[in-house]
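Structure, as structure tokens:
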Amino acid sequence: MDDWITFPVLILSATLRVATPLILCAMGGLFSERSGLIDIGLEGKMLAAAFAAAAMASVTGSAWAGLGAAILVAEVLALLHGFACITHRGNQVVSGVAINILVSGLTVVFGMAWFQRGGQTPALPPEARFMPINLRGSRAFADVPLLGRLYGDLLGGHNLIVYLALLIVPLTWWVLNRTRFGLRLRAVGEVPLAVDAAGISVAWLRYRAVLICGLFTGIAGTYLSIAQNAAFSRDMTAGQGYIALAAMIFGKWRPVPALGACLMFGFLDAVAIRLQGVRLPLIGEVPVQFIQVLPYVLTVILLAGFIGRAVAPKAIGVPYEKEH
Amino acid sequence: MSGGRQPLPAWVDIGLIPIVNVLLAFVVVGLIVLSIGVNPFTAVRIMIGGSVGYPEAIGYTLYYTTNFIFTGLAVAVAFHAGLFNIGGEGQAYIGGLGVGLVLLALDAVLPPLLLVPLAVLAAAAFGAAWAAVPAYLQAWRGSHIVITTIMFNFIAAAVMVYLMVNVLIAPGSMSPESREFAAPGHLPFAHELLAGIGITMGQSPLNLTIVLAAICCALVWLFLWHTPWGYALRTMGHNPNAAIYAGIDIRRMTLLAMGLSGALAGFVGVNEIMGVHHRLLLNFTAGYGFAGIAVALMGRNHPIGIVLASLLFGILQQGGAELAFDIPAITREMVVVIQGLIILFCGALANVTKPALEALFQWLHTRSDNAPAADAAEA
Amino acid sequence: MSTPAPPAVELRAIDKSFGPVHANRSVSLSIARGSITGIIGENGAGKSTLMSILYGLYEADSGEILIDGQAVRIRSPRDAIAHGIGMVHQHFMLIDTFTVLENMVLGAETGPVLRPSLESARRELERLGNDYGLRVDPDAMVGDLPVSEQQRVEILKVLYRGARILILDEPSAVLTPQETEQLFRILQALRDRGATVVLITHKLREIMAVTDAVFVMRHGEVVAERRTADTSSEELAELMVGRKVRLELDKTPPHAGAPALVAHGLGLRDSRGIAVLDGIDLTLRAGEIVGIAGVSGNGQSELLEVLAGIRPPTVGRLTIGARTIDAAHPAGPAEMRALGVAHVPEDRHRYGLVAPFEAAESALLGYHDKAPFSSHGLMHHRAMVDHCAALMERFDVRPRRPELRSANFSGGNQQKLILAREIAAQPRILLVGQPTRGVDIGAIEFIHRQLLAARDAGCAILVVSVELDEVMALSDRILVMYGGRIVGEVAGETADERTLGLMMANVWTPPEAPERQSTAVTAP
């Protein structure tokens, strides 16, 4: 009896945990791409942030200092992307790839130089991490069938950043659709010339988008290394930045559908781990790689227009240049 | 429009700017090395000594160079067609799968003279097919090739893990590797070949594949600049509308360009699987696909430039390994950092140095009074 | 309003260069408040540059701008807007995926949250609609609106920002004559309520119809200022071009031969299903030049593209020799070339050449896989360079350097190179779009002579041009296009500007075929 409740609750709560960095990155990427800048570099920013958070937290013993360092590092990379692509009209894909490769090397180089643990940072004590928050009274409720589990393990029992990620989605929606900044941001991703002619700085708008992206990816990296895990390990993002990119595209560059895609991809991941080695009736054993690869396959299929149509912002990838 | 700017002399555009960009990248690398407490000049000395200082090291360097040439050419061919192939990693992986499948199936049946070309063709075909799907999806279905090739890298990795763990694993093996190929499925090592003509060289993974790399350089050069298809490909890359006007079939050219690109990337599989490991295994691409972007950018998408850039990357790869051995504070990943910085400076930030040099040459130009014919061109 | 007010805008000695191009040379002019002032000049005379300086898109190298008598510095559109200047650009600055209201408030929001802005814009839209007859559905997606309404949104945007000085850059280029009339009524209403309107155009008729005063620009300079009431089209035209308007070509009578290309009921629908070409019947004969006249955007470009094989027709058929082309049996540009069709595209930068290619490479675009440039799968560099050198010699392309990048040649020389390439292919049919757009006067005559020579050699030539005098000077027969259809035909020697103008506006009813007017209905 209890299994019927435990299993879905565990899967759903695992989904939420896996989806959190995806949601943060996807929302960051969304700001960047809606402003017309391709961001392949989500992965790199998140990885750098994860390293910075763990390194700082292990040195200072403070999770908040770790978060601050992570955001700072992600912002530096975001500004580098902006400098290359906004100020100097460089190729946005190249810039993103450069950041990803650079970071995957740098984190190991500095990790080895500073901590000498094969690229790992020292394991953090709970005080230096963002730990799960137990909701008030969850202990008392724990014995109540169904509701107790839902309250304690699904609604509660997550760390601060999980809730923050869930909060950021409606915030993103509101900023994008209901504010002056959002209107201008969407406009600059469609027809930057029109924004320029309206007397608004294209570059400053895009820099702000890039900075928001840096902020969110910084938080996402923090989550990976000092909330979900207790240390940084080399290449710990393991393609999640790309999955977030896929989720954002899958959500057609809109916050709420992108959240849905993140949760779906997170769910697939949670299920994949659970299904490892399990024989399902009728199907038999599902190879775990098959489920892991689904986000990528689904995104390819979506982009090919086989399920709906994902239309990118019109000016995406095109450096803005005043014509003579 | 061309505007009023004085065009830079060709040697500056082709020669000086890439060198300045690479130098900038290395200045940053030097600062990073310095920041972890190592004298960069010592590091350079160790790296050079470790990569070209003795015959085995040269063998290793050239073996790495071979892989960089393939992926560099792969990225360059796509670049010339205006396409950004980030999928070199996956195409190399699947190309290696093609080699492995042919050798596993036929190494007991065919003589080397048939087996080796067949395996090479399989590498090309598998790599090309893996690139052709994103090409098809862009040309016919309108999905963006950058995103699709990224996704295909991950799909390739998953496919390989599945195959190696569940299907191709050698019976009784603990690690996900296939059985070793029979001797006809081994490409001769350079030290074996050289021994045949009486030259002794230390053992290294350098093998006959480097000849294939050289042939590919020549063929890519011939193809791009001396065939009508190459002309069509470059036309499409510079101006797709003009290509349509000229009667060039954009969709088929996209397929052709990506197919060639994927085939070139697939040859990494020849070097690794048939040349070195002699069995199918995981993760043999080791980032060569991504490094190809750095190689192509640094080599200005020209085969000669790519050979030079590949040599540099080969030196870095081999020298970096020696460096990590000699100085524990430095890891092999320093090479990855250098790759990233080179992509950054030669690619993303390429527009930073050019205007500065343009201004410099404009200034030099106005100082010297002789106005060459380029002025007349503006009239 | 009898007190002598300072002019709304005064420009003093404005100078602007783009590299070696001197776009504005010491331009001084003053525009009276509450007037409609025209600025007229040929393409490239410097009108748009001057107005872009006033609107802050460019900054002048030297000179002074005075608004209402006060010297101001305008470094960006933001400054311009702050000084009450608004501009309606030739290419609309609209976001297709935004509603009319969202487009209106963009850049003129009242606060960080959008709702109050949208509400005030809705009220303002209502008011402006009542005052000036500028009516648009505030919640419509701009991308779904017809072009004339999009232009209205542009004007509304400018008014919403409180502009007292409106600059309109070639506003009629995208409008039908009726829509242009409507626009002029709106501009007059604006003037009557005290606004100052600056109209940039190269159309004399519009200057005469709506302005109070006019400045004529030529080669970056203001060459004349007139009160519209005191001048005439003829005088303005002469001032504009600095020569007699009429292009005179000593033309021999044509020897029209057999039909080289026959179009029957040719039609084309765009991606939205709107018929951009409709029932085109056309015969091109060997040895004649057929000119297509029409207001730009009436299907001429699409006709060229269909005839060149760039787009297949959706209905109807095209016969060239023994080959019949229709929707089921399309022929691409390569096959069209093989059939003897050569094409000088309207937009040479977009289609005609590859900017970073050497001239020698651009000089065989479309013929790159043909002998002698190419055989056995290889290209022959020597043959390419020799060919290009020969073309340059014959068509006087300067400098004569086949190895120079295509982008480094001037517009006129690029055009000559493209023309040379297409004529040298000895086509049976030559399609020419805007033969002399952006070409200096010396080269115009040269290009015209080359086209005539090709005609006399037996080539069937179709010329599309927005310059009516060019069409009249070159053509043996003139077809007039309107709304994707051919609405009239005139013999070259009997053509007069008035009749053609009426036909282009589709207000001319030919006595012999009155039913033509009623066939414009498009199928579902």
Open item on the list: Suppose the filter is within 22 Å of A:TYR320 (Cβ to Cβ) and modelled with pLDDT of 95 or more; does A:LEU47 pass it?
Closed with: no
Open item on the list: Can you confirm whether B:LEU233 is within 14 Å of another protein chain (Cβ to nearest Cβ), modelled with pLDDT of 95 or more, in contact with a helix residue (DSSP H, G or I) (Cβ under 6 Å, 6 or more places away or on another chain) and assigned to a helix (DSSP H, G or I)?
Closed with: yes
Open item on the list: Quick check on my filter: what residues within the range B:210-230 are closer than 17 Å to B:ASN301 by Cβ and facing chain C (nearest Cβ under 10 Å)?
Closed with: B:LEU222, B:PHE223, B:TRP225, B:HIS226, B:THR227, B:TRP229, B:GLY230
Open item on the list: Looking only at the range C:73-98, how many residues end up being touching a Leu at 6+ places or on another chain (Cβ under 7 Å) and away from every other protein chain (no Cβ under 13 Å)?
Closed with: 0
Task: One residue from A:GLY277, A:GLY241, A:GLY284, A:GLY218 being under 21 Å from B:SER143 (Cα atoms) and either more than 10 Å from chain B (Cβ to nearest Cβ) or in contact (Cβ under 8 Å) with a residue 60 or more places away in the chain (or both) - done: A:GLY241
Open item on the list: Residue under question is B:LEU193, and the condition is that it be away from every other protein chain (no Cβ under 12 Å), surrounded by fewer than 23 Cβ atoms within 10 Å (Cβ to Cβ), closer than 30 Å to B:LEU110 by Cβ and hydrophobic (A, V, I, L, M, F, W, C); does it hold?
Closed with: yes
Task: A:GLY118 vs. criteria within 14 Å of chain C (Cβ to nearest Cβ), part of a loop (DSSP other than H, G, I, E, B) and more than 22 Å from the chain's Cα centre (by Cα) - done: no
Task: Residues that are among the aliphatic types (A, V, I, L, M) and touching a residue at least 24 places away in the same chain (Cβ under 8 Å), drawn from the range C:110-131 - done: C:ALA121, C:LEU125, C:LEU128
TODO: Within the range A:177-194, identify whether any single residue is hydroxyl-bearing (Ser, Thr, Tyr), surrounded by 19 or more Cβ atoms within 10 Å (Cβ to Cβ) and either assigned to a helix (DSSP H, G or I) or in contact with a helix residue (DSSP H, G or I) (Cβ under 9 Å, 6 or more places away or on another chain) (or both), and answer yes or no.
DONE: no
- [ ] Taking A:THR107 as the residue in question, decide whether it is in contact with a helix residue (DSSP H, G or I) (Cβ under 7 Å, 6 or more places away or on another chain), under 30 Å from B:GLY289 (Cα atoms) and not in a helix (DSSP H, G or I).
- [x] no
TODO: Could you check, for the range C:111-119, whether at least one of its residues is in a loop (DSSP other than H, G, I, E, B) and either in contact with a strand residue (DSSP E or B) (Cβ under 9 Å, 6 or more places away or on another chain) or more than 8 Å from chain A (Cβ to nearest Cβ) (or both)?
DONE: yes
- [ ] Give, as residue ranges, the helices (runs of 4 or more DSSP H) completely inside the range B:1-87 that count at least 3 residues that are within 14 Å of another protein chain (Cβ to nearest Cβ).
- [x] B:17-35, B:55-80
TODO: Could you tell me which of the residues B:LEU260, B:LEU282, B:LEU264, B:LEU256 is among the hydrophobic types (A, V, I, L, M, F, W, C), under 22 Å from B:LEU73 (Cβ atoms) and either within 14 Å of another protein chain (Cβ to nearest Cβ) or without any contact (Cβ under 8 Å) to a residue 60 or more places away in the chain (or both)?
DONE: B:LEU256
Open item on the list: Please pick out the residue among A:VAL108, A:VAL9 that is of a type in the set (Val, Ile, Thr), away from chain B (no Cβ under 14 Å) and over 27 Å from A:VAL318 (Cβ atoms).
Closed with: A:VAL9
Open item on the list: For the range C:281-297, which positions are more than 14 Å from C:LEU431 (Cβ to Cβ) and part of a strand (DSSP E or B)?
Closed with: C:ASP281, C:THR283, C:ARG285, C:ALA293
Task: Residue count, the range C:452-482 (criterion: surrounded by 23 or more Cβ atoms within 10 Å (Cβ to Cβ) and closer than 17 Å to C:ALA424 by Cα) - done: 5
Task: Flag if A:ILE86 is in contact with a Pro (Cβ under 9 Å, 6 or more places away or on another chain), more than 7 Å from every other protein chain (Cβ to nearest Cβ) and surrounded by 24 or more Cβ atoms within 10 Å (Cβ to Cβ) - done: yes
Open item on the list: Which numbered condition in (1) within 12 Å of chain B (Cβ to nearest Cβ); (2) of a type in the set (Gly, Ala, Ser); (3) crowded, with 17+ Cβ neighbours inside 10 Å is the only one that C:GLY291 fails?
Closed with: (1)
Task: Selection status of A:ARG206, in contact with a helix residue (DSSP H, G or I) (Cβ under 6 Å, 6 or more places away or on another chain), more than 14 Å from chain C (Cβ to nearest Cβ) and basic (Lys, Arg) - done: yes
TODO: Can you confirm whether the range B:134-147 contains a residue that is within 12 Å of chain A (Cβ to nearest Cβ), within 22 Å of B:ALA286 (Cβ to Cβ), crowded, with 20+ Cβ neighbours inside 10 Å and free of Cβ contacts under 8 Å to residues at least 60 places away in the same chain?
DONE: no
Task: From A:ALA123, A:ALA165, A:ALA74, A:ALA140, residue being without any contact (Cβ under 8 Å) to a residue 12 or more places away in the chain and more than 8 Å from chain B (Cβ to nearest Cβ) - done: A:ALA140
Open item on the list: Just to be sure before I move on: is B:LEU349 more than 21 Å from B:ASN301 (Cβ to Cβ), surrounded by 23 or more Cβ atoms within 10 Å (Cβ to Cβ) and either in contact (Cβ under 8 Å) with a residue 12 or more places away in the chain or facing chain A (nearest Cβ under 9 Å) (or both) in the structure I sent?
Closed with: no
- [ ] Kindly indicate whether C:SER410 is within 30 Å of the chain's Cα centre (by Cα) and farther than 24 Å from B:GLY237 by Cβ.
- [x] yes
- [ ] From B:VAL99, B:VAL29, grab the single residue that is touching an Asp or Glu at 6+ places or on another chain (Cβ under 9 Å) and touching a residue at least 24 places away in the same chain (Cβ under 8 Å).
- [x] B:VAL99
Open item on the list: For the condition surrounded by 20 or more Cβ atoms within 10 Å (Cβ to Cβ) and either within 8 Å of chain A (Cβ to nearest Cβ) or in contact with a Ser or Thr (Cβ under 7 Å, 6 or more places away or on another chain) (or both), what is the one hit in C:LEU125, C:LEU101, C:LEU54, C:LEU106?
Closed with: C:LEU106
- [ ] Would you check which residues across the range B:275-300 are touching a Gly at 6+ places or on another chain (Cβ under 9 Å) and farther than 30 Å from B:ALA105 by Cβ and list them?
- [x] B:PHE290, B:ALA291, B:ILE293, B:ALA294, B:VAL295, B:ALA296, B:LEU297, B:MET298, B:GLY299
TODO: Would you please list the contacts, defined by Cβ atoms under 9 Å and residues six or more apart or on different chains, that run from a residue in the range A:245-256 that is in contact (Cβ under 8 Å) with a residue 60 or more places away in the chain to a residue that is acidic (Asp, Glu) and in a helix (DSSP H, G or I)?
DONE: A:LEU245/A:GLU33; A:LEU245/A:GLU43; A:MET248/A:GLU33; A:ILE249/A:GLU33; A:TRP253/A:GLU33
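The values are calculated or read from the model by the stated rules, or taken from the named source; none is laboratory data. What you see is a predicted model, and the numbers here were worked out from it, not measured in a lab. Note: ideal-geometry Cβ built from the backbone for every residue, glycine included; neighbour counts use all protein chains shown.
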